[in-house]
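Engineer: Pasting a structure here, questions to come.
Here, each number is a calculation from the coordinates, and none is a lab measurement. Every value quoted in this text rests on a predicted model; they were computed, and no experiment measured them. Note that we place each Cβ from the backbone using ideal geometry, even for glycine, and neighbour counts take in every protein chain shown.
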Amino acid sequence: MSSSIDLHTHTVCSDGTLTPAELVERAHAAAVRVLALTDHDATDGLAEASRAAAERGLALVPGVEVSVTWQRQTVHVVGLGIDDGNEPLQRGLARLREFRGWRAQEIDRRLRKKNIHGAFEHVRANVKGAILSRTHFARFLVSQGYVRDMGQAFRQYLARGKPAHVPGQWASLEEAVAWIGGAGGTAVIAHPARYKFTSGKLRRLLNEFKECGGRAIEVVSGSHAPQENAQFGHIAGEHGLLGSLGSDYHGPENPWVDLGRLPALPDGCTPVWHEWDLENRR
């Protein structure tokens, strides 16, 4: 049975392809009743999403996905139930967006070395939100015929170790959790299977995350295989973490990740929303 809750989604305000109102409309059509908007390093879409959710009687959880550098690797921490007017949070997110702007120009410079020109201008002209991401450059490479699909764009140019990859200079784990907690939110490790950490390294991440004040892990993710959902349900229990679930939906272009298709949390996993008053979010 599919869950009616989805706590990880994106819009054009970061690297998604739907507006916040369109996202809410699609979620409503997919029988999602509790939706978190968690754009990368930006909260610009929350006001529009909140208005649309109120019209549809859908509970909107204000969120954000914060980019983190941990042991030289990028990790994402979702903040759920944040006050998006919190000044320290917004100062932190502004710092990350400033780095994204510099990184975008550096990606463009490295692509030009590969005789690929006009990437930054194209991306800047076509991005509606406040951030520039690798996903936008991947879409450029596909649209201009340099690669067949998004996967090839990353494998050939944008992934770690490839010609146009620029290492992230993101928030520390401690900073991200503090920003989220200071804004009244709950910090969640996003899509943990995607990092491909060894069990020992994952344990160290979760221990440090919890010491910083992190409270939850994305047990069910749109990028997880069914056995990984069960695995991370067990890991959440071992570490005393709450369980979240989110599709990481970016738009209808990816038919493998859609709204309203997530399974429920595994039995015995305490949900991150168990303390929330969802009725007052409608």
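Engineer: Arrange the peptides 143-149, 42-48, 227-233 so that the one whose residues have, on average, the most other Cβ atoms within 10 Å appears first.
Structural biologist: Details: 143-149: 12.9, 42-48: 21.7, 227-233: 18.1.
So the order, starting with the most tightly packed, is 42-48, 227-233, 143-149.
Engineer: Hey, what do the phi angles of the range 242-249 turn into as Karplus ³J(HN,Hα) couplings, whole Hz, using 6.51/-1.76/1.60 and θ = phi - 60°, x for Gly and Pro?
Structural biologist: Going residue by residue, I get 6, x, 10, 9, x, 6, 6, 5 Hz, with x marking Gly and Pro.
Engineer: About the Cα centre of the chain, how large is the charge dipole given +1 on each Lys and Arg Cβ and -1 on each Asp and Glu Cβ? Please answer in debye to the nearest 20. Could you put the intermediate results ahead of the total?
Structural biologist: Working: 33 positive and 32 negative charges, 294 e Å.
So the dipole magnitude of the chain works out to roughly 1420 debye.
Engineer: Pull up all non-local amide H partners of Ala42: gap of 5 or more, or a different chain, and H-to-H distance under 5 Å with H placed in the peptide plane.
Structural biologist: Those qualifying (amide H under 5 Å, at least 5 residues apart or on another chain) are Glu65.
Engineer: Residues with amide H under 5 Å of Ala183's amide H, sequence separation 5 or more or different chain, H placed in the peptide plane at 1.01 Å from N; which?
Structural biologist: none
Engineer: Using per-residue counts of other Cβ atoms within 10 Å, averaged over each peptide, order 194-205, 85-96 from highest down. Walk me through the numbers on the way to the answer.
Structural biologist: Values: 194-205: 13.8, 85-96: 16.6.
Ranking the peptides 194-205, 85-96 by packing returns 85-96, 194-205.
Engineer: With no solvent and one point per C-alpha, what does the Debye sum give as log10 I(q)/I(0) for the range 95-158 at q = 0.18, 0.23 Å⁻¹?
Structural biologist: Listed by q, the Debye log ratios stand at -0.58, -0.95.
Engineer: Please report the net charge: other residues with Cβ closer than 15 Å to the Cβ of Ala171, K and R +1, D and E -1.
Structural biologist: On the way: positive: Arg72, Arg91, Arg95, Arg97, Arg100, Arg103; negative: Asp41, Glu65, Glu98, Glu174, Glu175, Glu208.
Local charge sum for Ala171: 0.
Engineer: Per DSSP H run of n ≥ 4, the term is -39500 (n - 2.57); total these for the chain, divide by its residue number, and report the mean residue ellipticity at 222 nm rounded to 500 deg cm²/dmol.
Structural biologist: On the way: 9 runs with 108 residues, N = 282.
Roughly -12000 deg cm²/dmol at 222 nm, from the helical runs in the chain.
Engineer: Further question on the same structure: How high is the relative contact order of the chain? Use alpha-carbon pairs under 8 Å, at least six apart in sequence, and give a whole percent.
Structural biologist: Details: 554 pairs, mean separation 66.1, N = 282.
For the chain, the relative contact order is 23 percent.
Engineer: Let me ask something else. Going by average Cβ neighbours within 10 Å, how do the peptides 171-183, 249-261 rank, with the highest at the top?
Structural biologist: Numbers: 171-183: 21.3, 249-261: 15.7.
Answer by packing, highest mean first, reads 171-183, 249-261.
Engineer: For the range 95-158, what's the relative contact order in percent, using C-alpha pairs closer than 8 Å and at least 6 residues apart?
Structural biologist: Values: 43 pairs, mean separation 17.3, N = 64.
Computed over the range 95-158, the figure is 27 percent.
Engineer: May I pose another question? Near Lys114, which aspartates and glutamates are there with a Cα under 20 Å away, not counting those fewer than 8 places off in the same chain?
Structural biologist: Partners within reach: Glu106, Asp149.
Engineer: Separation of the range 179-193 and the range 67-85 by C-alpha centroid, Å?
Structural biologist: 6 Å
Engineer: A follow-up question, please. Explain nothing, just the number: dipole magnitude of the range 95-158 about its Cα centre with +1 on each Lys and Arg Cβ and -1 on each Asp and Glu Cβ, in debye rounded to the nearest 20.
Structural biologist: Numbers: 15 positive and 5 negative charges, 32 e Å.
For the range 95-158, the charge dipole is close to 160 debye.
Engineer: Which lysines, on any chain, are close to Lys210 with Cα under 18 Å apart, when same-chain ones fewer than 8 places away are left out?
Structural biologist: Within the straight-line limit of under 18 Å, Lys210 reaches these lysines: Lys201.
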